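Worksheet: one structure, shown below.
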Amino acid sequence: MNNAYEERLGTERMLPLVFKMALPAIAAQFVNLLYNLVDRIYIGHIPDIGTDALAGIGVTSAVIILISAFSSIVGAGGAPLAAIALGQGDRERAGKILGNGFILLIIFTLITSSIAYIFMEPILLFTGASGRTIGYATDYLSVYLLGTLFVELSVGLNTFINIQGRPAIAMYSVLIGAILNIALDPLFIFTFDMGVKGAAFATILSQACSAAWTLSFLTSGKASLRLERQYMKLHKSILFPVLALGISPFIMASTESLVSFVLNGTLERFGDIYVSALAIMQSAMMIVSVPLTGFAQGFVPIVSYNYGHHDFNRVKSCFKIALISMFSFNFVLIVFMILFPSVIAGAFTTDQKLITVVCQMMPIFLAGMTIFGLQRTCQNMFVALGQAKVSIFIALLRKVFLLVPLALVLPHIMGVHGVFAAEGISDATAAICCTLIFAFRFPKILR
């Protein structure tokens, strides 16, 4: 067992260490984002049906996000606790967290995919599918559900590679799936003439390869923290802390699904073109949020390990680097999208009417995201420090307490513009509140 990679989390100079850990994760998430966008770009350019098919895929995203969110309970909840245990020198507890997390992912997959498959059409209609788009939505989702386990395992377990100080190995897991998906998309969609079903098949085959790579490393002698059968027996003392901390990132991810339910359902009353426009704008948000997720995957293990090791100066140093980096990246990209919305829209569609709608709504939709880098940093710090309760509150604040009510109320005042304005208002408000809470709580946590 080689612990040298793991131990560098507590010894290497902080600035190069943060970027050494973060850049592979960011690169992986960029490519991961690319293959999510490629799906939509290819689908949006299918002759004659592209706009309706894009709306159908946009509707399925609510269900897919909800199912995938369960992997974050293990990946974003269990991994920081395992890193803290490693920092404390408790390798047995870290192994049990990984083993119990693996079993949880299998249980989550069986429950969520079964429910989604049985009630597929009513769920999709509830999320905003119309008579014109429901066929495309069911075609895509019925195939995607076959590969749910691959998605859960590849996403949920990949963070356990990061906490071992092996970000490059974790990056390869994502790259394998992403590159395969980009290559398979045109083959299945156009060459085999499978349309949206082809896009779904390409996705699940790619994720199967990612899952295989992740499992092969975690069960090999190269891993300093291995996935072992002896640690797979479920224990309350392991499960409850994982579930308590993991519920925050789960809420962060799953409420995106709730928001999609509400926004798509509201926009469907104004016309399918607004549902298509939302799909494009949410994809634009992913261009910013996904790399931030990658950066968080890099710095969270460093914070957790050093917090477990009681080296609080290194915790503070890591936070400062993360805050400056994440805020700056987020601000620059969001301002660019607000100023040049047609560039983004044109990548997804040639429908001039749809491009016009996106250009009208994107500045309203993204305005609050300009300062959202503050929340992403502070919220991930709370998770890294094992602060379950405050993490849950912040996760609920943005989407459940703010966005959903605003998305239901503002359209009665502002019409369709109110649906998009709800996102901007809630993003800005939540970012300010989260930053203030962190400024107050952080010194107390370290004391």
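Checking Tyr231 against (1) within 23 Å of Phe108 (Cβ to Cβ); (2) modelled with pLDDT of 85 or more; (3) of a type in the set (Phe, Trp, Tyr); (4) within 24 Å of the chain's Cα centre (by Cα): exactly one of these is not met. Which one?
(4)
Consider Leu410 carefully, then state whether it is in a helix (DSSP H, G or I), closer than 30 Å to Gly44 by Cβ and under 21 Å from the mean Cα position of the chain (by Cα).
The answer is no for Leu410.
Just to be sure I understand the filter: pairs with C-beta atoms under 6 Å, separated by 6 or more residues or on different chains, first member in the range 388-400 and part of a helix (DSSP H, G or I), second member modelled with pLDDT of 85 or more and among the aromatic types (Phe, Trp, Tyr). Which pairs pass?
Pairs that qualify, where the first residue is part of a helix (DSSP H, G or I) and the partner is modelled with pLDDT of 85 or more and among the aromatic types (Phe, Trp, Tyr), are Val390/Phe382; Ser391/Phe382.
Considering the range 384-423 alone, what residues qualify as being closer than 23 Å to Phe319 by Cα and of a type in the set (Val, Ile, Thr)?
Correct list: Val390, Ile392, Ile394.
Looking only at the range 179-219, filter to residues that are aromatic (Phe, Trp, Tyr) and assigned to a helix (DSSP H, G or I); which one of those is surrounded by the fewest Cβ atoms within 10 Å (Cβ to Cβ)?
Phe190
For Thr293, are the conditions met, namely being of a type in the set (S, T, N, Q) and more than 30 Å from Ser130 (Cβ to Cβ)?
Answer is yes for this residue.
Residues in the range 350-375 that are within 12 Å of Ala277 (Cα to Cα), out of contact with any Pro (no Cβ under 6 Å at 6 or more places or on another chain) and open to solvent by 10 Å² or more (accessible area, probe 1.4 Å): how many?
Within the range 350-375, residues that are within 12 Å of Ala277 (Cα to Cα), out of contact with any Pro (no Cβ under 6 Å at 6 or more places or on another chain) and open to solvent by 10 Å² or more (accessible area, probe 1.4 Å) number 7.
Name, by its number, the condition in (1) more than 22 Å from Tyr274 (Cβ to Cβ); (2) at pLDDT 90 or above that does not hold for Ala178.
Among (1) more than 22 Å from Tyr274 (Cβ to Cβ); (2) at pLDDT 90 or above, the lone unmet condition for Ala178 is (2).
Among the residues of the range 265-284, count how many are assigned to a helix (DSSP H, G or I), open to solvent by 20 Å² or more (accessible area, probe 1.4 Å) and not polar (S, T, N, Q).
Qualifying residue count for the region: 4.
Considering only the range 152-172, state which residues are farther than 18 Å from Ala83 by Cβ and either open to solvent by less than 10 Å² (accessible area, probe 1.4 Å) or of a type in the set (Ser, Thr, Tyr) (or both).
If the condition is that a residue be farther than 18 Å from Ala83 by Cβ and either open to solvent by less than 10 Å² (accessible area, probe 1.4 Å) or of a type in the set (Ser, Thr, Tyr) (or both), then Glu152, Ser154, Tyr172 are the ones that fit.
The values are calculated or read from the model by the stated rules, or taken from the named source; none is laboratory data. Everything quoted here is computed from the prediction, not taken from an experiment. Cβ sites come from the backbone with ideal geometry, for glycine too, and all protein chains shown count toward neighbours. For the accessible areas, the whole protein counts, side chains as well, though only heavy atoms, and no ligand, DNA or RNA atoms are used. Shrake-Rupley method; radii C 1.70, N 1.55, O 1.52, S 1.80 Å.
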